[in-house]
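J.: Sharing a structure, written as structure tokens. Questions coming.
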Amino acid sequence: MNYINIQEIDSLQEWVKEAIAIKKNPLKNKALGKNKTLGMLFFNPSLRTRLSTQKAALNLGMNVMVMNFTNEGWTLEFEDGAVMNQGASEHIKEAAQVVSQYCDIIAIRAFAGLTDKEKDNAETVISGFLKYATVPIVNMESATGHPLQSLADAITMEEYKTAHRPKVVLSWAPHPKALPQAVANSFVQMMQLQDADFVITHPEGYELNPEITKDSKIEYDQNKAFENADFIYTKNWSNYKEYGKVTNSDPNWTVTAEKMKLTNNAKFMHCLPVRRNVIVADEVINSENSIVIEQANNRTYAAQLVLQKILEDGK
Ligand code: CP
């Protein structure tokens, strides 16, 4: 069993219930991972994913090895048949097989490069490991998805939802740098598994990959989208059509207290890290309605559920 995309799971509702049970008793399965090793490979930086996934593995009694490919590993070649007379020193074919001998599960973070849409959509790094590794693979944010984040988001919304069918808004917000679409993509895919009034709002031209958004509702008027919302999930992503470009940095899209007044006393969510007073005003993220810290806490239980299921599957 691998964990690559949230849409591959059998029942989101069941998984959320199981994760909440793990949260109540996180050391219950401490023996499950005894003598098993999680290898965490990072091709990009991280705070939450690294520490929460490591903590999840420790809660299950696993050993953990972490390697940063950004400055510690050999540069890998992913193309079959490549003549490796340039920068790359090692082919994924050997690297993935070798790491598989040291680890029982391999977790990988490899962001979109945002220069070559086709290459990013092909998920070169994760696909290479899936092809050549001989142990299960976990996606810790790939070019197009962040399914551990969206599972944590689903857990958080379950904990904070009220009795009625919620209105959930995914709102684009400005950012000075070009960011990948991965978090937004996985949030959309997770919401497509939920019973909710789900709306995506962003400036015209900032549409996500239509193969991911499918028939999810898009509202270009952010104020209208916010009306009566129960959850505001904010995230920047760079332009998907003009691939990887920042074509809009309009500060009017920043989530402010004024905008939150349009909502049904909505909870504010963001995957973090967040640029304060660019993505969201201090007064919103500091408010009682901000649940970003608990959202980050739930990253542990999302990761623990995934690792637990993989370990149980391999028994
Ligand atoms: N949300 C998230 O993935 O955080 P990190 O990039 O710090 O891991």
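Read-outs throughout are calculated quantities, based only on the coordinates presented, and are distinct from any laboratory measurement. A quick note: this is a predicted structure, and the numbers were derived from the prediction, not measured. Cβ atoms come from the backbone with ideal geometry, glycine included; neighbour counts cover every protein chain shown.
J.: How about the stretch 237-292: which of its residues are within 16 Å of the ligand (Cβ to nearest atom) and either among the aromatic types (Phe, Trp, Tyr) or on the phi > 0 side of the Ramachandran plot (or both)?
T.: Scanning the stretch 237-292 gives Trp237, Phe268, Leu272.
J.: Are there helices (runs of 4 or more DSSP H) fully within the stretch 70-174 with at least 2 residues that are among the hydroxyl-bearing types (Ser, Thr, Tyr) and more than 16 Å from the ligand (Cβ to nearest atom)? List them.
T.: By residue number, 92-102, 124-132.
J.: Out of the residues in the stretch 258-315 that are in contact with a Ser or Thr (Cβ under 9 Å, 6 or more places away or on another chain), among the charged types (D, E, K, R) and assigned to a helix (DSSP H, G or I), state the one that is nearest to Leu151 (Cα to Cα).
T.: Among them, the one singled out is Arg299.
J.: From the list Lys24, Lys28, Lys55, which residue is charged (D, E, K, R) and over 24 Å from the mean Cα position of the chain (by Cα)?
T.: Only one candidate qualifies: Lys28.
J.: Filtering the stretch 12-58 down to residues that are within 16 Å of the ligand (Cβ to nearest atom) and part of a loop (DSSP other than H, G, I, E, B), which residue is farthest from Gly113 (Cα to Cα)?
T.: Taking the candidates together, the pick is Leu47.
J.: Residue by residue through the stretch 182-202, note down the ones that are of a type outside the set (A, V, I, L, M), touching a Ser or Thr at 6+ places or on another chain (Cβ under 9 Å) and more than 14 Å from the ligand (Cβ to nearest atom).
T.: Hits for the stretch 182-202 are Gln189, Gln192, Phe198, Thr201, His202.
J.: Additional query: Can you pull out the residues in the stretch 178-202 that are in a helix (DSSP H, G or I), in contact with a Leu (Cβ under 8 Å, 6 or more places away or on another chain) and among the hydrophobic types (A, V, I, L, M, F, W, C)?
T.: Within the stretch 178-202, Ala184, Phe187, Val188, Met190, Met191 meet the criteria.
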